[in-house]
Amino acid sequence: MDDRKKGLAIAVGGGAVLLLVVLALVGLATVYTGAYNIAATEEHTSLVRWALDTTFRNSIKSRAADIQPPRTVSPEMIAAGANSYKQMCEHCHAGPGVKRAEWASGMRPKPPHLKDAAAGWKAQEIYWLVKHGARMTGMPAFGPTHDNQALWSIVAFVKELPAMTPETYAALGDASSQSGHSTPATQNGRTKR
Ligand code: HEC
C-alpha cells in the first residue's frame, strides 16, 4: 500500500517536471521562431491584456503607496502643470476638447484619454508613473529630465482633468509662463498670455 502511494507520488512529480520542461521548450520556441506576432496593428488577446493591465496597476499601486503628495496645490502649480502637459503629454493622452496626435492612435496599448482615466489614480500613483514611466507600454519616464516640483505640478494638473471643460483647458498652460515655474515656458515660443 505504502509502495503504491510512493509510486504515485513519483509519477505525479515526474509528470510535473515533464510539464515544466515542455512549457519551457514552448516558451523558448516562441522566442526563437518568431511565432509570436508583435504587430501593433493587432490587439493583444484578452488574457495577455489582462495580465499586462493587472501587472501595470498593481506594480504602480504597490510602489506609490508610501509617497506623500504635497499638502496644498496652488493655482500656479496647476498652470505650470498645464504647460508641461501640453508640451509632453497631450499628443498621446489628448485633453478636454483636444484629440491625441494621429500617430498615437497607432500605439498598443493605446494611450488612454486622461480626462477619463485620471480619476482612477491617486496623486502619488500618477506621480510615480510619470516619474518612472512603464516599460513595454510607450509611457515614458519624466523623472530623469524633470525635478520633483515639475512632476508634482503635472500631477496637480492631471488630477484636475476629469472635471475640466475644454474652455478652461484651452485657457490654461500658456499663462504659466507668468509664474516663472519649472518648465521653460519659452521652449515652444509660448510666452504670450
Ligand atoms: C508617447 C506616448 C506617451 C506620452 C508622451 C505620455 N504617455 Fe502616459 N501613457 C502612455 C501609454 C501607452 C499608457 C498606457 C499604458 C498601459 O495602459 O499599459 C500611458 C499611461 C498613463 C497613465 C495611466 C492611465 C491609465 O489608466 O492607464 C497616466 C496617468 C499617464 N500615462 C500620464 C502621463 C503624463 C502626465 C504624461 C506627460 C508628462 C504622459 N503620460 C506622457 C503613453 C504616453
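Where a number appears in this text, it was derived from the coordinates with a stated rule and is not lab data. The structure presented is a predicted model; accordingly, all values stated were derived computationally and were not measured. When we count neighbours, we look across all protein chains shown, and the Cβ atoms used for this are built from the backbone with ideal geometry, even at glycine.
Non-local amide H neighbours of M139 (under 5 Å, H modeled in plane, Pro and chain starts lacking H): which ones?
Result for M139 returns A134.
I'd like to compare 56-66, 7-17: which one has the highest average count of other Cβ atoms within 10 Å, and what's the full order after that? Write down the numbers at each step before the final one.
Values: 56-66: 13.7, 7-17: 10.0.
Top of the packing list down: 56-66, 7-17.
In nm, what is the difference between 0.36 nm times the number of residues separating K5 and D147 and their Cα-Cα distance? List each step's numbers first, then the result.
On the way: separation 142, 0.36 × 142 = 51.12 nm, distance 6.36 nm.
Extra length available between K5 and D147 comes to 44.8 nm.
Quick one: compute the contact order of the stretch 50-178, relative version, from alpha carbon pairs under 8 angstrom and 6+ residues apart, as a percent. Kindly include the intermediate steps, with their values, before the conclusion.
Details: 155 pairs, mean separation 48.9, N = 129.
About 38 percent, as a whole number.
Compute the helix-to-body angle for 75-88: its Cα long axis versus the longest principal axis of the chain, expressed 0 to 90° and rounded to tens.
Roughly 60 degrees, rounded to the nearest 10.
Using just the helices of the chain, give the 222 nm mean residue ellipticity in deg cm²/dmol: DSSP H runs with n ≥ 4 each add -39,500 (n - 2.57), and the total is spread over all residues, rounded to 500. Please report the intermediate quantities before stating the final value.
Numbers: 8 runs with 102 residues, N = 193.
The per-residue figure over the chain is -16500 deg cm²/dmol.
Can you tell me how much longer the chain between T30 and K122 gets when fully stretched, taken as 0.36 nm per residue apart minus their C-alpha distance, in nm with one decimal?
On the way: separation 92, 0.36 × 92 = 33.12 nm, distance 3.78 nm.
Gain on extension, T30 to K122, equals 29.3 nm.
Would you please give the FRET efficiency between R49 and L23, computed as 1/(1 + (r/R0)^6) with r the Cβ-Cβ distance and R0 = 22 Å, to the nearest 0.05? Let's see the in-between values first.
Working: r = 21 Å, r/R0 = 0.96.
It comes out at approximately 0.55.
For the peptides 105-115, 155-165, what is the packing order when you average, over each peptide's residues, the other Cβ atoms within 10 Å and list the highest mean first? Don't skip to the answer; put the middle values down first.
Working: 105-115: 16.0, 155-165: 20.1.
Put in order of decreasing packing, that is 155-165, 105-115.
Taking each pair of distinct Cα atoms in the stretch 50-178 once, what is the resulting Kirkwood hydrodynamic radius in Å?
Values: mean 1/r = 0.0670 Å⁻¹.
After inverting the pairwise mean of 1/r, the radius is 14.9 Å.
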